[in-house]
Amino acid sequence: MQVDTLIHAHWIIPVEPENVVYENHTLVINHGLIVDLLPTAQANQKYQASSVENLLQHALIPGFINSHTHAAMTLMRGIADDLPLHDWLQQHIWPLEKKWVSEAFVSDGTDLAIAEMLRGGTTCFNDMYFFPEIAARQAIKHGMRAAIGLILIDFSTAWAENAESYLEKGLALHENLRHEPLITTPFAPHAPYTVSDQPLQKITMYAQQLDLPIHIHLHETEFEVQQQLAQTGQTPLQRLDGLGLLSPNLLAVHMTQLSEADIALVAKTGAHIVHCPESNLKLASGFCPVNACLAAGINVALGTDGAASNNDLDMLGEMRTAALIGKGVAKDASAVNAMTVLKMATINGAKALGLEKVCGSLEIGKAADVVAIDLQHLETLPLYHPISHIVYACSRHQVTDVWVAGKPLLKQRHLTTFDEEALKGKVKLWQQRLSVFG
């Protein structure tokens, strides 16, 4: 039988079913989909392919799903380090954005982010930023899967004048993109402290009508929670619940300030949590009680946040941090184990974004969003358990090949859709501009 691609690998880790590792198996890809997964000897007898990859030192895993990003902010990497969130935002990031954010800024910043994410094994990202139509255009150009947030905020920016304008432009963009196979369009209200009740209620109505996720920063800091309590007598979570936002459509990002009652409420409503441990650590925002949330039945996904507060988009590093912090917070060495974290970075993100039938695991019928990791580096030898090594020992520099919908976007560490030197030149110009302003 003729197919497009055969990828022979030493190990294949499908994620679902969990804790399964196939040795000396082959992934069979045709028309962008996984059509078979079987022992290599059988694959060679059954299939002929236009492209055959022999990755016999590698593990194949599903592409990482970075469930919370501000991709274009990669141009601000390292510009305002070692500051608490509200100082970082109000005194540094927002003034920079007011001065510089434009279509060109978002185009070049998103390109830089996509390049970095592909080189680290991310095949899908969930974004929240201005000029989302530009981020979508760049993702489509490079063949990257993306959930492009329909940003909403109360105040005027370069993209829109007010909440009504954001919503109008967002709905139009959703309509324009709804037939793009690699793009989805969740609503993305920034946070409870930047979006008032009426726009949140409208988003809730439209999300129900259109069956779209809602992606929002929530309970990120103690200050946010205390400020809302002082103003309304409610926590931000309670306020959103009263407005009808808590549902299986909601992706609540950060969630570092949670009581047992909060966890029970999130579990009851079916909302998802996106954990961003490295950004939370760097901004000293607090710790999401991941193990308690998982024990309550909450789907917890993983994100890097933006490179301006992380300072990278490295999902392998994020997994390791999530596992270690999860154990420390739970005071239990068995908590948030390697398989759990790998699921958070793949299938859990797909579930949060409503993409679990499309990606997040290496299963027949799903899109061929695949990552190959070379496990024969000295730093990952000896090798007893591939899943453990991927979480606790691997570096993103061991990612050699990446496919999205069966198309090779990273081949032996080479980005197939980028002129890397031209991209570096654009980034250097932005560095000069932002440095002068700073």
Review point. Which number do you get for Rg(Cα) / (2.2 N^0.38 Å) in the chain?
Key: 0.95
Exercise for review: Classify the stretch 225-271 as rounded, prolate or oblate, taking a ≥ b ≥ c as the square roots of the eigenvalues of its Cα gyration tensor: rounded when a/c is under 1.5, otherwise prolate if a/b is larger than b/c and oblate if not.
Suggested key: prolate
Exercise for review: Subtract the Cα-Cα distance of L229 and E421 from 0.36 nm times their separation in residues, and report this length gain in nm to one decimal.
Suggested key: 64.1 nm
Point to revise | Volume per residue of the C-alpha convex hull in the stretch 290-380, rounded to whole Å³ | key: 134 Å³
Exercise for review: Enter the Cα centre distance for the pair the stretch 343-414 and the stretch 165-202, rounded to the nearest angstrom.
Suggested key: 30 Å
**Study point:** More than 22 angstrom apart: percent of Cα pairs within the stretch 15-100
**Key:** 54 percent
**Study point:** Which listed pairs, of K366/K426; K268/K357; K327/K424, have C-alpha distances above 32 Å, in listed order
**Key:** K366/K426; K327/K424
Review point. If you build a Gaussian network model of the chain, linking Cα atoms that sit under 10 Å apart, which residue out of L171, L33, L150 swings the most?
Key: L171
Review point. Along each of its three principal axes, how wide is the spread of alpha-carbon positions in the stretch 124-215, in whole angstrom units, largest first?
Key: 36, 28, 19
Point to revise | Equivalent ellipsoid semi-axes - Cα gyration tensor, the stretch 114-174, angstrom | key: 25, 11, 9
Exercise for review: Find out how many positive minus negative residues lie around A368, taking Lys and Arg as positive, Asp and Glu as negative, among other residues whose Cβ is under 10 Å from that of A368.
Suggested key: 0
Review point. Whole-Hz Karplus ³J(HN,Hα) for the stretch 369-379, in order, using 6.51 cos²θ - 1.76 cosθ + 1.60 and θ = phi - 60°, x for Gly and Pro?
Key: 9, 9, 10, 10, 10, 7, 9, 9, 6, 4, 5
Revision key, fill the gap. Whole-Hz Karplus couplings 3J(HN,Hα) for the stretch 287-304, θ = phi - 60° and coefficients 6.51, -1.76, 1.60, Gly and Pro as x, run 10, 6, x, 4, 4, 5, 5, 4, 4, 7, x, 7, 6, 10, 9, 10, x, 8
Point to revise | Dipole magnitude of the stretch 230-315 about its Cα centre (Cβ charges: Lys, Arg +1; Asp, Glu -1), debye to nearest 20 | key: 240 debye
Revision key, fill the gap. Scalar couplings 3J(HN,Hα) for the stretch 351-360 by Karplus 6.51 cos²θ - 1.76 cosθ + 1.60 (θ = phi - 60°), nearest whole Hz, x for Gly and Pro, are 5, 4, 8, x, 10, 5, 8, 9, 8, x
Check your understanding: Which percent of the accessible area of the chain is formed by carbon and sulfur heavy atoms (probe 1.4 angstrom)?
Key -> 52 percent
**Study point:** Solvent-accessible heavy-atom area per residue, rounded to whole Å², over the chain at 1.4 Å
**Key:** 39 Å²
Study note, to complete from the structure: Magnitude of the Cβ-charge dipole (Lys and Arg +1, Asp and Glu -1) of the chain about the Cα centre, nearest 20 debye, reported as 420 debye
Check your understanding: So what is Rg over Rh here for the stretch 180-237, counting just Cα atoms and using Kirkwood for Rh?
Key -> 1.07
**Study point:** Relative contact order, percent, the chain [alpha-carbon distance under 8 Å, six or more residues apart]
**Key:** 20 percent
Exercise for review: Can you tell me the 0 to 90 degree angle between the C-alpha axis of helix 197-210 and the longest principal axis of the chain, rounded to 10?
Suggested key: 30 degrees
Check your understanding: For the stretch 196-269, with only Lys/Arg (+1) and Asp/Glu (-1) charged at the beta-carbon, what is the dipole magnitude about the Cα centre, in debye rounded to 20?
Key -> 220 debye
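The values are calculated or read from the model by the stated rules, or taken from the named source; none is laboratory data. What you are looking at is a predicted structure, and each value in this text was computed from that prediction instead of being measured. Don't worry about glycine lacking a Cβ; one is built from the backbone with ideal geometry, like all the others, and counts go over all protein chains shown. Surface accessibility is based on the protein's heavy atoms, side chains included, excluding ligands, DNA and RNA. Shrake-Rupley method; radii C 1.70, N 1.55, O 1.52, S 1.80 Å.
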